[in-house]
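Structure, as structure tokens:
The values are calculated or read from the model by the stated rules, or taken from the named source; none is laboratory data. Quantities reported herein were computed from a predicted structural model and do not represent experimental measurements. As a convention, Cβ positions derive from the backbone with ideal geometry for all residues, glycine included, and neighbour counts pool all protein chains shown. Protein only, heavy atoms only, side chains kept; ligands, DNA and RNA dropped before computing areas. Shrake-Rupley method; radii C 1.70, N 1.55, O 1.52, S 1.80 Å.
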Amino acid sequence: MNLKIPKNSKGIITTFYLTSPILENQGTNHDELDFEFLGNNGPPYILSTNVFAQDSGHREQQFKLWFDPTSDFHEYAILWNENQIVFYIDKVPIRVFKNHKKMGARYPTLPMNIKTSLWNGTSWLGPVDWSKGPFLANYRSFKVHGCTYDYSNTTKCYSSGYAWNAWKLEPDEEKNYENDAWKTTLLLRVKETLKAKELEEDDLT
């Protein structure tokens, strides 16, 4: 999913997420994977991620974005398989949530839909300046590689015939990720972007 969030949107939350239906008598317990952009009138721009696993979540992990998400589109993606959940920005993994069900931890397993929203986050982020509205989020280049859930065959989507089920971090990739090597990758990409912009400006002068 490519997304550009609204400018001057303090108090407004822009989202892209997966969620399972909340069934009657289930309360708020469900599965959910969140990208939530916490609106602001300027930097820092904060992205909050969360994982729900037949519960109410409370597994937030937040990131200060190294770019302005209001000025251009960036690619956000989620890989979810039996091994782990990976949150990506511009093809770089920023968060990995592993399946530790064998150790007693919860892990999302329910069928989920894909949703987007724009909502009033006053109770979380403070008051909204409605004079800055309307607040418009732009979504494009949406793609899904998934499996239609079959209630009569609940293991169907775990088949090795689906390429994403075979994917997992290699030992060296896992070590690099745990050592925050992904931050170096992001820094290099930022420098490349800035250099490209400098070249563009030189071409225009």
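When Arg95 is tested against (1) in contact with a strand residue (DSSP E or B) (Cβ under 9 Å, 6 or more places away or on another chain); (2) more than 19 Å from Thr19 (Cα to Cα); (3) of a type outside the set (A, V, I, L, M), exactly one condition is not met: (2).
Restricting attention to the stretch 97-115, and to residues there that are surrounded by 11 or more Cβ atoms within 10 Å (Cβ to Cβ) and touching a Leu at 6+ places or on another chain (Cβ under 8 Å), which single residue is farthest from Asn165 (Cα to Cα)? Looking at residues that are surrounded by 11 or more Cβ atoms within 10 Å (Cβ to Cβ) and touching a Leu at 6+ places or on another chain (Cβ under 8 Å), I get Lys115.
In the stretch 83-96, the qualifying residues are those that are closer than 16 Å to Ser48 by Cβ and of a type in the set (A, V, I, L, M), and the one that is surrounded by the most Cβ atoms within 10 Å (Cβ to Cβ) is Ile89. Could you tell me whether Glu174 is loosely packed, with under 10 Cβ neighbours inside 10 Å, at pLDDT below 75, of a type in the set (Asp, Glu) and closer than 23 Å to Lys91 by Cα? Here the answer is no, as Glu174 does not meet what is asked.
Residues of the stretch 60-95 that are of a type in the set (A, V, I, L, M, F, W, C) and under 11 Å from the mean Cα position of the chain (by Cα): Phe63, Ala77, Ile78, Leu79, Ile85, Val86, Phe87, Ile89, Ile94. Number of residues in the stretch 126-153 that are closer than 22 Å to Met1 by Cα, open to solvent by 100 Å² or more (accessible area, probe 1.4 Å) and not in a loop (DSSP other than H, G, I, E, B): the value is 1.
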